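Colleague: Before I ask anything, here is the structure I am working with.
What follows is calculated from the coordinates using simple rules that are stated; it is not laboratory data. Only a predicted model underlies this, so the values are computations on that prediction, with no experimental measurement involved. We place every Cβ from the backbone using ideal geometry, glycine too, and count neighbours over all the protein chains shown.
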Amino acid sequence: MARESKNDIRLRVHQRIRTRVKGTPERPRLAVFRSLNHIYAQVIDDQKGHTLVGASSAEENGKNGGNVAGAKAIGKLVAERAKDKGIKSVVFDRGGYLYHGRVKALADAARAAGLEF
């Protein structure tokens with residue numbers, strides 16, 4: 001029998017999280033995706049299926065995407081963009097990743113920049 005990859009396990013955990021975490025127009029979902037070289041964050045209204053705000057380390061000059069410093073910068077950037085659109089409160093979706101390292105750094109930076117979750 002074939003072994004499950006780490007990503008298959010992460011996707012299964014993510015599906016389990018998504019049964020409980022839903023984004024509404026009043027409180028959208030802050031979703032995090034982490035790749036080897038970059039980190040991405042989106043604020044999503046799940047009822048409409050629209051991304052309201054997004055930020056990624058790939059859009060800027062691409063440096064510091066795969067480390068904690070890059071995650072902090074993206075957390076601050078996504079929080080500023082969300083506040084510009086009038087979004088103050090979100091629900092956090094860690095995307096099946098452990099709340100540790102880059103994911104935690106992004107969340108802490110977004111909180112420090114004024115997002116509530």
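Colleague: How much net charge surrounds P25 when only other residues with a Cβ under 12 Å from its Cβ are counted (Lys, Arg +1; Asp, Glu -1)?
Modeller: Numbers: positive: K22, R27, R29, K48, K85; negative: E26, D45, D46.
Residues near P25 contribute +2 overall.
Colleague: Would you mind calculating the relative contact order of the chain from Cα pairs under 8 angstrom and at least 6 residues apart, reporting the percent as a whole number?
Modeller: On the way: 218 pairs, mean separation 32.8, N = 117.
Relative contact order comes out at 28 percent.
Colleague: A further question follows. Under the rule of at least 5 residues apart or a separate chain, name every residue whose amide H is placed under 5 Å from the amide H of V53.
Modeller: Here V43 satisfy the definition.
Colleague: Could you tell me the number of lysine pairs in the chain with C-alpha atoms less than 18 Å from each other, where the two lysines are 8 or more residues apart or belong to different chains?
Modeller: Total qualifying Lys-Lys pairs in the chain comes to 10.
Colleague: Report ³J(HN,Hα) in whole Hz for each residue of segment 100-109, in order, from the Karplus equation J = 6.51 cos²θ - 1.76 cosθ + 1.60 where θ = phi - 60°; Gly and Pro get x.
Modeller: Computed from phi, the couplings for segment 100-109 are 6, x, 5, 5, 5, 4, 5, 5, 5, 5 Hz.
Colleague: Right, here's the next one. Subtracting the Cα-Cα distance from 0.36 nm times the residue separation, let me have the gained length for A69 to S35 in nm, one decimal.
Modeller: Fully extending the segment from A69 to S35 adds 10.8 nm.
Colleague: Sticking with this one: What length, rounded to one decimal in nm, is gained on full extension from K88 through to T19, with 0.36 nm per residue of separation minus their alpha-carbon distance? List each step's numbers first, then the result.
Modeller: Numbers: separation 69, 0.36 × 69 = 24.84 nm, distance 2.31 nm.
Answer, rounded to one decimal: 22.5 nm.
Colleague: Shifting gears a bit: If I model a spin label at A2 and Q47 as a point 7 Å from the Cα along the Cα→Cβ vector, what separation in nanometres do I get?
Modeller: Each label point is offset 7 Å from its Cα along the Cβ direction, giving 4.0 nm.
Colleague: Working from the alpha-carbon coordinates of the chain, get Rg over Rh, Rh being the Kirkwood radius.
Modeller: On the way: Rg = 14.0 Å, Rh = 14.3 Å.
That ratio equals 0.98.
Colleague: Quick one: what are the phi-derived ³J(HN,Hα) couplings along segment 88-97, Karplus 6.51/-1.76/1.60 with θ = phi - 60°, whole Hz, x for glycine and proline?
Modeller: With coefficients 6.51, -1.76 and 1.60, one gets 10, 10, 9, 9, 9, 10, 7, x, x, 7 Hz.
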